[in-house]
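Please treat every number below as a calculation from the coordinates, not as lab data. Remember, it's a predicted structure, so these values are computed and weren't measured experimentally. All Cβ positions, glycine included, derive from the backbone under ideal geometry; neighbour counts span all protein chains shown.
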Amino acid sequence: MVPQTRHVDDLGFAVLSPDEQLLATGSWDKTLKIWDVRTGTILRSFRTDFGKPGEARWQGRERLVASDGPLVVVWDVITGRRLQVFDAGVTVNALDVLPSGEIVAIDKRRSMWVLSATATLVRDVHADTVASATAAEVAVVAGLGAAFVFNNQGDAQVLYRYGLDGSKPTTPWRIPERKGLSATSLAVAPDGAQVAIGYDDTVIEVRAMADGALLAELRGHDIDFAISPDGRTAAVATGDELQV
């Protein structure tokens, strides 16, 4: 039986599996846990060498791709083994897994990397273009073939969309800035219809991708959040607690 010991330090990531039955969480307490979403029980728990757990995505049902500072790590969630590692040199801010199994990652310099399913470098995309945007938050959505960059520009907040194929970026919308507040997290629904922005006052704004219209406002987020593949469920991390 797996001990039902919860995380004892802040969460770095929380990510739902494609079938929404499992939830993977990585914490600064250096543990990786796999949860049953329906019952809330811990199915597997592993000690890791996490230094700075950040973004994570499932690669099938038995592997997890996670960032740890400058590293992109492929984990076996059955055994807890670290299978492959790619070192970007600086902190990785966002990543996602393409249908092909390839991994897309954006680092702190806003360079975009495309890696093989085993985390070896395939190509470097948008090394100059992405770097030109001083972004607060970034998100990669493999199913849309795009990366999204959200940042302040003067008195406005701007959402940029970059194609993973190297195409020129577009700007879906601009909204007035939230005075004195900074974005701390960004998530885009898999169908691209909605974008959620978390701020450091614990508010999450859900906006329409088409025009930036405010659709909903959620409260209580502190660390990070993730949107399920169907766009209907969110996992919200607050300190060492998790809400679904």
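Of note:
- Label-to-label distance, nm, for residues given as D200 and A156 (7 Å Cα→Cβ offset): 2.4
- Sorted on the mean count of surrounding Cβ atoms within 10 Å across their residues, most packed first, peptides 189-195, 40-46 read 189-195, 40-46.
- Treating each Cα of the stretch 60-211 as an identical point scatterer and summing with the Debye formula, the log10 of I(q)/I(0) at q = 0.09, 0.10, 0.11 Å⁻¹ comes to -0.28, -0.35, -0.42.
- Residue order for V97, V65, V74, fewest other beta carbons within 10 angstrom first, comes to V74, V97, V65.
- The stretch 50-107: trypsin sites (Lys or Arg not before Pro) in DSSP coil with no more than 11 other Cβ atoms inside 10 Å: R81
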